[in-house]
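The values are calculated or read from the model by the stated rules, or taken from the named source; none is laboratory data. Nothing here was measured: the structure is a model prediction, and the numbers come from that model. Glycine gets a Cβ as well: all are built from the backbone with ideal geometry, and neighbour counts include every protein chain shown.
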Amino acid sequence: MFFRFNFFLIIIFLFSISCSKKDEQVTILNENNLELQMIEVYNQAMDEFEKGDVIYAGKKFNEAELLYPQSIWAPRAVLMAAYGYFSQGYYNDAISNLERFLVRYKKHPQTDYAYYLLALSHYDQIIDERKDMYEILQAKKYFELIIKNYSDTEYAQDSKYKLELIVEIMASKEMYLARYYVQREKWIPAINRFKNVVNDYETTIYVEEALHRLVELHYNIGLTSEAQNYASILGYNYQSSQWYEESYKIFNKDYKKKRKKPGNDKNGPLTKFKNLFK
């Protein structure tokens, strides 16, 4: 009886060892095949991407990343998913993938591209100056980051160009709000908005009009000295502009513009250009 009981225990022990070895072998086999499975799913995603089904392709790219996050294919899968979403205007999905990429793969060699695509995903959602400022500010932040941290890349030059456009849009936003206050005869908020344009967006196309509006508003509310100061700034920097002419009329009610004969402007741009070579 004792012999049979011991024999039974030995059988159970050997069976348990056999099972544990089998489980271990299966686990090792799955790990060895993970990257192959991932590449297969990645290729399926590429096929769907090339067919134009970016939604399904994005899901397959995300599946590929989840299969083996440690693989070199994982960050590529995230970027491909983001680009696919971006290319078809699914900006929120693109942004979500790119933000995840930048958290998980901070030292990846294509980090500059990820930031650039992230900036574009916000930039392309800018409609006009009357819309919410969130997308404008986000795009501005990422373009500035690219210019600062990746100045020697091909993305920096385009970021500078788009940043200039963003600054113009932000100035336009200030002008829109200022005009809104003028229409409702809220002079102080209007003045403050025009001042923002002059102080913060002096390189934009709106600064001349903003200076003129400051002349006009200060003059109308009886602050003649302030109006003259802004007129002087406008005259010093933009004497040939139409806005300087309009400001000049405010202080000179009888002013009439003298017509100049073509070709006789000794201070014109062509004359100044020629003088450079004398």
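Looking at the structure I just gave you, is K186 closer than 30 Å to T111 by Cα and without any contact (Cβ under 8 Å) to a residue 60 or more places away in the chain?
Values: closer than 30 Å to T111 by Cα: no; without any contact (Cβ under 8 Å) to a residue 60 or more places away in the chain: yes.
Here the answer is no, as K186 does not meet what is asked.
Pairs needed: first member in the range 33-47, part of a helix (DSSP H, G or I); second member anywhere, of a type in the set (S, T, Y) and at pLDDT 85 or above; C-beta distance under 9 Å; at least 6 residues apart or different chains.
So the pair list comes out as A45/Y56.
Considering only residues that are surrounded by fewer than 18 Cβ atoms within 10 Å (Cβ to Cβ) and closer than 20 Å to D93 by Cα, look in the range 136-147 and name the one that is modelled with the lowest pLDDT. Break it down into steps so the answer makes sense when it comes.
If we filter the range 136-147 for residues that are surrounded by fewer than 18 Cβ atoms within 10 Å (Cβ to Cβ), which is where we start, we get 137, 141, 144-145, 147.
Now narrow it down to the ones that are closer than 20 Å to D93 by Cα: 137, 141.
Numbers: L137: 93, K141: 96.
Step by step, filter the range 136-147, then rank; the result is L137.
It is to be established whether one or more residues within the range 125-133 are of a type in the set (D, E, K, R), assigned to a helix (DSSP H, G or I) and in contact (Cβ under 8 Å) with a residue 24 or more places away in the chain.
Initial filter on the range 125-133 (of a type in the set (D, E, K, R)): 128-132.
Checking the rest, the ones that are also assigned to a helix (DSSP H, G or I) come to none.
No: zero hits.
Go through the range 134-159 and give me each residue that's part of a loop (DSSP other than H, G, I, E, B) and under 22 Å from V78 (Cα atoms). First the steps, then the outcome.
Of all residues in the range 134-159, those part of a loop (DSSP other than H, G, I, E, B) come to 150-153.
Matches in the range 134-159: Y150, T153.
Taking the range 48-63 as the region of interest, how many residues are surrounded by fewer than 16 Cβ atoms within 10 Å (Cβ to Cβ) and among the hydrophobic types (A, V, I, L, M, F, W, C)?
Total satisfying the criteria: 1.
Out of all the residues in the range 114-129, is one or more at pLDDT below 95, among the charged types (D, E, K, R) and in contact with a Lys or Arg (Cβ under 8 Å, 6 or more places away or on another chain)?
Yes, some residue in the range 114-129 is at pLDDT below 95, among the charged types (D, E, K, R) and in contact with a Lys or Arg (Cβ under 8 Å, 6 or more places away or on another chain).
Can you pull out every residue in the range 16-55 that is of a type in the set (A, V, I, L, M) and modelled with pLDDT under 75? Don't jump to the end; show me each part of the working.
At the first step, the residues of the range 16-55 found to be of a type in the set (A, V, I, L, M) are 17, 26, 28-29, 34, 36, 38-39, 41, 45-46, 54-55.
Correct list: I17, V26, I28, L29.
Please go through the range 100-115 and pick out each residue that is in a helix (DSSP H, G or I) and closer than 15 Å to I146 by Cα.
Taking the range 100-115 first, the residues in a helix (DSSP H, G or I) are 100-104, 111-115.
Residues satisfying the conditions are L102, T111, D112, Y113, A114, Y115.
State whether one or more residues within the range 209-222 are in a helix (DSSP H, G or I) and closer than 24 Å to I126 by Cβ.
Kept after step one, since they are in a helix (DSSP H, G or I), are these residues of the range 209-222: 209-220.
Cutting the leftovers down to closer than 24 Å to I126 by Cβ gives us 209-210.
Yes, there is a match, as at least one residue in the range 209-222 is in a helix (DSSP H, G or I) and closer than 24 Å to I126 by Cβ.
All but one of (1) modelled with pLDDT of 95 or more; (2) within 12 Å of E174 (Cβ to Cβ) hold for T204; which doesn't?
Only one criterion is unmet by T204, namely (1).
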